[in-house]
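First up is the structure itself, then whatever we jot down about it.
Every read-out reported here was derived from the displayed coordinates using simple, explicitly stated rules and does not represent laboratory data. The structure displayed is predicted, hence computed values, not measured ones. Note: ideal-geometry Cβ built from the backbone for every residue, glycine included; neighbour counts use all protein chains shown.
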Amino acid sequence: YKTFDGDLKWDHNNVTYRILNYSPDMASFLIDDAFARAFKVWSDVTPLTFTRLFDGTADIMISFGKTDHGDPYPFDGKDGLLAHAYPPGEGMQGDAHFDDDEYWSLGKGPAVKTLYGNADGAMCHFPFTFEGKSYTTCTTDGRSDDLPWCATTADYSRDKKYGFCPSELLYTFGGNANGAECVFPFVFLGNEYDSCTTEGRSDGYRWCATTDNFDKDKKYGFCPSRDTTVIGGNSEGESCHFPFVFLGKEYDSCTSEGRGDGKLWCSTTDNYDEDKKWGFCPDQGYSLFLVAAHEFGHALGLDHSNIREALMFPMYSYVEDFSLHRDDIEGIQYLYGPKTGPDPTPPQPDSTTTAPYPDPDETDPTDEPEPTEPTTTTTTRPVDPTKDACKLTKFDTITVIEGGLHFFKDGHYWKMSSRSDKVNGPFSISERWPALPAVIDSAFEDLLTKKLYFFSGTRFWVYTGKSVLGPRSIEKLGLPNSIQKVEGALQRGKGKVLLFSGEEYWRLDVKAQKIDNGYPRYTDVVFGGVPNDAHDVFLYKGHIYFCRDRFYWRMNSRRQVDRVGYVKYDLLRC
Amino acid sequence: WSRPLKSTTVTFSGDIIKNMTDTELAETYLKKFGYLNTVHRSGFQSMVSTSKALKRMQRQMGLEETGELDKSTLEAMKQPRCGVPDVAN
């Protein structure tokens, strides 16, 4: 799993949400329910609670929209992008947007909740048979009032259980008419309309007047989609017309003819060649529940996972009996902790403790126990004092040992005492660490054991005081033999160290002396904004330094680059 | 077997034209989801080649990391998905 840069999570557990508008594809009751179940996915495994607001500003504002829907990231018509959401924070942060050029369902074809009839609002059963014919959609067959209906069991003739399907002749949603049904014909801007229209709107939603004159009464509502309604195309809300003529041939059902993407479409008049009116045929649709659960994961602070079975994997796939993957649970609990008992009232973190740093690689470096000042410093005589560190442009490696910065180059090292801002040296590497070669690629002090790890080429040494273990091959640690050298080392949390090489990094469990699963990762994917070919990486006073040539990029504990500067002037104090 | 009918491709009015070449589709996808031309807050522009960007996308999607625009990678790019970039910035 991944979380967003900069520790993005809600600073409260009682998160609020508000549904700003609805899709015509499903009854609003079904949409409310899908969103509530999607939030429950996350509240089941964390102390979070989700409260729905019906006005004002909520943390998570949910809306449907098409193509350009009011933020800098337009949707793209049917399929492709399904939805997006913003990480936690103020304003648009935390909001979730759903592409209404998609066909929203429960993932297995039209989710049609019936009204009236004698089935107490049961869902349509598709297919069902009526008078010997099989139906996979609602139908007006058998009725003279053009009201679409369906059976709620497989065989109407046997069970006689039925209900009416969503239709603007029965109800509308949104608007200002409290769900009243359409009145046809109605007058709008002096013109008469016999059906729902998108006229007068720029968002492509179909509406109608609920009196015979909108100009006078200003009463309106949005038209629910019939389950036979086409999706997208240029006939939003119309139904397929069968048979229809296309390129001179007659079609009795949806076809993918004429398209390169294999999508099923139909004409909404009897002759496409003449009228060019068309739309995509309703397919299985996308599960609003599954997509919403994914988007709410983003709105809570989770980024995409690379585990294919995880909910936070970027690609959509329908799952019948959904349950959160372990990876998702670990990710969300990393941010908010586990569910705490029946009535989650997690202890509010007191001001001294810092919120868990949002990433498995990281704990907030400022949490690291600062290395204690050395009680006995090993004084080694400086060699050739004319070797001036300020004349060097690039060091073999820089690291912190016993609390002070150490600069290594060609068999020598300089020390910056953490007390005085003055660099001392050069000293001879071999005098203090006789087993080491002249060129050190990287080094780190294990903060728990005070052991010193030195890397040169594909070998490494471990000094404990004056005794040394090594050289040993870095493959012993589980690093691949493709690595030429380790260029950076970054202590992360208790007993974890990130080892950098090229554009990637691995996490070493120091105690187990093994690389953890799930690595390598790309440096610039996790540490955005720093060079991905830094020749040195180290931790110093709670900041992460990435060095390349004469420069360093400094990253704070929220993984934001907060300074770019010169090694020579800022670190060596030349 | 009869030879497959030569199906005519028609431009549908109102269709959000997505007739792109595979390369265009790949380029658009890699940029849209943060694999290519990501500009960082610090202004650092990481210049990643298309092949490297493809490898990263293949790793994210659990595909074989060939760095090539092979069939399975192209298929993955055509799948419905979330609009949030995979490489955060």
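Does the range A:387-532 come out rounded, prolate or oblate, given a ≥ b ≥ c as the square roots of the eigenvalues of its C-alpha gyration tensor, rounded meaning a/c under 1.5 and, failing that, prolate meaning a/b above b/c? Cα axes put the range A:387-532 in the prolate bin. Taking amide H positions as modeled 1.01 Å from N, with prolines and chain starts lacking one, the residues under 5 Å from residue A:496 and 5 or more places away or on another chain are A:510. Take each residue of peptide A:306-316, count the partner chain Cβ atoms within 10 Å of its Cβ, and average: the result is 4.
In terms of its alpha-carbon gyration tensor, the range A:459-574 comes out prolate; a/c meets the 1.5 threshold, and the first ratio a/b outweighs b/c. Relative to the longest principal axis of the Cα atoms of chain A, the long axis of helix A:288-300 lies at roughly 30 degrees. Take each residue in B:56-69, count the other chain C-beta atoms within 10 Å of its C-beta, and the mean is 2. For the range A:328-336, 3J(HN,Hα) computed residue by residue from phi via the Karplus equation (6.51, -1.76, 1.60; θ = phi - 60°) reads 5, 5, 4, x, 6, 6, 5, 7, 10 Hz, glycine and proline entered as x.
With 19 Å as the cut-off, how large is the P(r) tail for the range A:197-274, expressed as percent of Cα-Cα pairs? That tail contains 47 percent of the Cα-Cα pairs. Shown in residue order for the range A:51-65 are the 3J(HN,Hα) couplings computed by the Karplus curve 6.51 cos²θ - 1.76 cosθ + 1.60 at θ = phi - 60°: 10, 8, 9, 10, 7, x, 9, 9, 4, 10, 9, 9, 8, 9, x Hz (x for Gly and Pro). Cross-linked pairs B:52/B:78; A:391/A:476; A:9/B:55; A:394/A:514; A:9/B:32: Cα-Cα separations exceed 26 Å for A:391/A:476; A:9/B:55; A:394/A:514. Using the Kirkwood formula over every pair of different C-alpha atoms, what hydrodynamic radius in Å results for the protein assembly as shown? It is 28.8 Å. Taking a ≥ b ≥ c as the square roots of the eigenvalues of the alpha-carbon gyration tensor, the range A:273-322 is classed prolate because a/c is 1.5 or more and a/b outweighs b/c. For the range A:1-137, the spread of Cα coordinates along the three principal axes comes to 63, 33, 32 Å, biggest extent given first. Straight-line cross-link partners of residue A:161 among the lysines, defined as a Cα under 26 Å from its Cα and at least 8 positions apart when in the same chain: A:108, A:113, A:133. Summary: within chain A, the longest segment free of GluC sites (Glu not before Pro) located in DSSP loops with at most 12 other C-beta atoms within 10 Å is A:321-574. The count of lysine pairs in the range A:171-330 with alpha-carbon distances below 27 Å, taking only pairs 8 or more places apart or on different chains, stands at 5.
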